[in-house]
Amino acid sequence: MGMFLGVALGMFSLFFGWNPFISDWIKPFGDIFISLLKLLAMPLILVSLISGISSLKDISRLSRIGGRTMIFYMVTTVLAILIGLALVNTTKPGNYLSKEKQQELSSKYASDAHLKVTDAKKLSDSGPLQVIVDIVPDNIFGAVDDNKNMLKVIFFAMLFGIAMIMAPAEKILGVKSFFDGSNEVILKIVDIVMRFSPIGVFALLASLIVDVAGDDPVQALELFKALGVYALTVLVSLALMIFAVYPLFIRFFTTVKYKDFFKAILPAQIMAFSTSSSAATLPVTKDCVEKNLGVKEEISSFVLPLGATINMDGTSIHQAVSAVFIAQAFGHDLTMVDQLMIVLTATLSSIGAAAVPSAGLITLVIVLGAIGVEPEGLALIIAIDRPLDMCRTIVNITGDSVVAVIIDRSESGIPPKNEPFLH
């Protein structure tokens, strides 16, 4: 409703000359929503990563299962990002905006775009390992002051979480309780902010149409065309994961037919589509893989909750495609270093992405910051994020289920008793 009402108000304003009213009285609510997303990015990643990593005691006890699970999750995440990057660099949805419009958007939403040129020159003048050097913070309090330093914060959070695993458990109970509690509080704040999202989407879309079209309604169609190609690119990338990548994993690592696998987890996929939340879908996902695919409870209880926390293939695709689209819309030509930075930051930020609706929007701030694009560019895509979020959550829980089946089969070494039924 927010999306359609925003479009309607934006189009009406073009015909009736309401542009000053939209800019003065509607757009500020969209700016507030963007600011709230930026506000949450740093604490969400810091607290959720420390809480998540420090909870992985099972990996030290079940090093074989934990190691295999992490490897499969990381491989599928990187593959998802590469698929998204390949398609978005082929379709180039941002180029459907005229050069003049790209320059206008860049000056309006990315005032420091020229800094990217300076940063690129600085990087070329430095050593080949400067990117790695820049990941390590020399002052964590200075790093948390700017969302562009998110990789430094992620490094510190991972180091802190690993140190908590290695420390005597009885001596860090208070620290563990603090970060677990803080994580719950941050997730509740995310929920509060997302309740504001219909108003934010309404305001952002109405003001975006006014900003892009000016006094010419025809230019609004240009924006819709670019958004349509962007959305199609995301959907095709998600479809490739479900119908091309995952079937290959199932075929090579299990004896389950993918048609049967797909039928077995269909209830979980429907739940994922309707809730847009991996966490809310987790009980249904667990029930499907145990009852319909014969995965043992001790495997599903470890692999699936871990996957809901760190395995976000659909979210990773969305972040890669969105980052490149926004950069293209601002007229930026991303270098190979930028593309590699997207792979790195999208992979790491997916680990810290909360399994709640639209959390990917918050972690997208990290990816945009890493390639020097202002997070205000979220205004371009936020209107159609909800339907895309519903679709990418399907991919997220499907990937979790694929890895759960693979780990179960690799541990048991024999087909479960109900597998012949699946065939």
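Picking from Phe252, Phe273, which residue would you name as being among the hydrophobic types (A, V, I, L, M, F, W, C) and closer than 24 Å to Val78 by Cβ? Exactly one of Phe252, Phe273 is among the hydrophobic types (A, V, I, L, M, F, W, C) and closer than 24 Å to Val78 by Cβ, namely Phe252. Here region 209-256 is the region considered, the condition is being among the polar types (S, T, N, Q) and open to solvent by 40 Å² or more (accessible area, probe 1.4 Å), and the residue that is modelled with the highest pLDDT is Thr255. Name the residues in region 147-190 that are of a type in the set (Lys, Arg) and modelled with pLDDT under 90, would you? Of everything in region 147-190, those that are of a type in the set (Lys, Arg) and modelled with pLDDT under 90 turn out to be Lys148, Lys152, Lys188.
Residues in region 72-122 that are at pLDDT below 75 and among the hydroxyl-bearing types (Ser, Thr, Tyr): Ser106, Ser107, Tyr109, Ser111, Thr118.
Of all the listed residues (Val289, Val256, Val321), the sole one being within 30 Å of Ile371 (Cβ to Cβ), of a type in the set (A, V, I, L, M) and touching a residue at least 40 places away in the same chain (Cβ under 8 Å) is Val321. When we screen Ala279, Ala272, Ala355, Ala346 for residues that are outside any helix (DSSP H, G or I), at pLDDT below 90 and either under 30 Å from Pro93 (Cβ atoms) or out of contact with any Phe, Trp or Tyr (no Cβ under 6 Å at 6 or more places or on another chain) (or both), the only hit is Ala355.
Specify which of the listed residues (Val136, Val144, Val131) is modelled with pLDDT of 80 or more, surrounded by 13 or more Cβ atoms within 10 Å (Cβ to Cβ) and among the hydrophobic types (A, V, I, L, M, F, W, C).
Result of the check over Val136, Val144, Val131: Val144.
Being at pLDDT 90 or above, closer than 16 Å to Lys291 by Cα and either of a type in the set (Lys, Arg) or open to solvent by less than 10 Å² (accessible area, probe 1.4 Å) (or both) is a property that Val405 has.
Summed over region 316-337, residues that are open to solvent by 10 Å² or more (accessible area, probe 1.4 Å) and assigned to a helix (DSSP H, G or I) total 3.
Applying the condition of being surrounded by fewer than 19 Cβ atoms within 10 Å (Cβ to Cβ) and touching a residue at least 60 places away in the same chain (Cβ under 8 Å) to region 37-47 and asking which residue is nearest to Asp146 (Cα to Cα) yields Lys38.
Condition first: within 17 Å of the chain's Cα centre (by Cα), closer than 21 Å to Ile250 by Cα and modelled with pLDDT under 80. Now tell me which residues in region 282-309 satisfy that. Listed by number, the residues that qualify are Leu306, Ala308.
Taking the criterion of being of a type in the set (S, T, N, Q) and over 17 Å from Val405 (Cβ atoms), the residues of region 225-260 that qualify are Thr233, Ser237. Of all the residues in region 155-183, those that are open to solvent by less than 60 Å² (accessible area, probe 1.4 Å) and under 30 Å from Leu344 (Cα atoms) number 13.
The values are calculated or read from the model by the stated rules, or taken from the named source; none is laboratory data. Keep in mind it's a predicted model, so treat the numbers as computed, not measured. Here Cβ is always computed from backbone atoms with ideal geometry, including for glycine, and neighbour counts include all displayed protein chains. For accessibility, only protein heavy atoms count, side chains too; no ligands or nucleic acids. Shrake-Rupley method; radii C 1.70, N 1.55, O 1.52, S 1.80 Å.
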